[in-house]
Amino acid sequence: MTNHSDLRVIKTRQTIRAALISLMSEQELSDITITSLCARARINRKTFYRHYRSISDVITEFENELLSDFSEILKTSNTSIFDIGSVLGEISALISGSREYFVKLLAMNPELFSGGRVKAMLRRAIEIALRELGTIQDEQTLHMLSEYTVSGVLSLYAAWFDEGCTGSLDAVTETARRLAVSGLNGFVPGDRLREIIN
């Protein structure tokens, strides 16, 4: 059993991940083999298999960290998920501070923002917040609103990455905030909307 808190384990895993990112700047993920990854990391295959079963396990670890980062933002935000300005600002700060990390992560999994666990987590958070407001009782409407809001916001960030991170990330965040507010406007009474969205 691998002790993930052991400094040698942490260092080896970081080396493997750095090697994968390095290789991805040179070739497609599908062309990277465990042999080439081990050669780049300067480890043997036995060492690799002590930490991961496959290259996809390395990618899953990257994604788990991203999911943890997003989850932490939602947990530690001073207000609800519906302080859209605050939550999106924190997500943008995370993205801005780790731009290369996100670029590589999206290269490994282009559907990271359009589907999967990040999207599902944000959808659940929005549905919980809408239920707490008590203004929408119909589950189908809750699902549609969360899908519309999260898909729109995440697609803006994904497009920004696809376009080489050109333009202002602040502008992307503000556009995402305004579109989210606009989408919720027809379902949440105006006075409640003003209370919960900055």
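Of all residues in the stretch 133-140, none are over 18 Å from residue 91 (Cα atoms), touching a His at 6+ places or on another chain (Cβ under 9 Å) and modelled with pLDDT of 80 or more.
Among the residues of the stretch 118-126, are any free of Cβ contacts under 8 Å to residues at least 40 places away in the same chain, hydrophobic (A, V, I, L, M, F, W, C) and either part of a helix (DSSP H, G or I) or on the phi < 0 side of the Ramachandran plot (or both)? Checked the stretch 118-126: at least one residue is free of Cβ contacts under 8 Å to residues at least 40 places away in the same chain, hydrophobic (A, V, I, L, M, F, W, C) and either part of a helix (DSSP H, G or I) or on the phi < 0 side of the Ramachandran plot (or both).
Kindly indicate the residue of the stretch 52-70 that is in contact with a helix residue (DSSP H, G or I) (Cβ under 8 Å, 6 or more places away or on another chain) and open to solvent by 30 Å² or more (accessible area, probe 1.4 Å) and also modelled with the highest pLDDT among those meeting that condition.
Initial filter on the stretch 52-70 (in contact with a helix residue (DSSP H, G or I) (Cβ under 8 Å, 6 or more places away or on another chain)): 52, 54-55, 58-59, 61-63, 66-67, 69-70.
Restricting the remaining residues to those that are open to solvent by 30 Å² or more (accessible area, probe 1.4 Å) gives 54, 61, 63, 67, 69.
Numbers: 54: 94, 61: 87, 63: 80, 67: 80, 69: 80.
That would be 54.
Restricting attention to the stretch 168-186 and to residues that are surrounded by 13 or more Cβ atoms within 10 Å (Cβ to Cβ) and polar (S, T, N, Q), the residue that is nearest to residue 112 (Cα to Cα) turns out to be 173. Picking from residues in the stretch 125-167 that are among the acidic types (Asp, Glu) and touching a Ser or Thr at 6+ places or on another chain (Cβ under 9 Å), the one that is surrounded by the fewest Cβ atoms within 10 Å (Cβ to Cβ) is 132.
The values are calculated or read from the model by the stated rules, or taken from the named source; none is laboratory data. Fair warning: this is a prediction, and the values are worked out from it, not measured in the lab. Note that each Cβ is placed from the backbone with ideal geometry, even for glycine, and that neighbours are counted across all protein chains shown. Please note that ligands, DNA and RNA were not included when accessible areas were found on the heavy atoms of the full protein model with its side chains. Shrake-Rupley method; radii C 1.70, N 1.55, O 1.52, S 1.80 Å.
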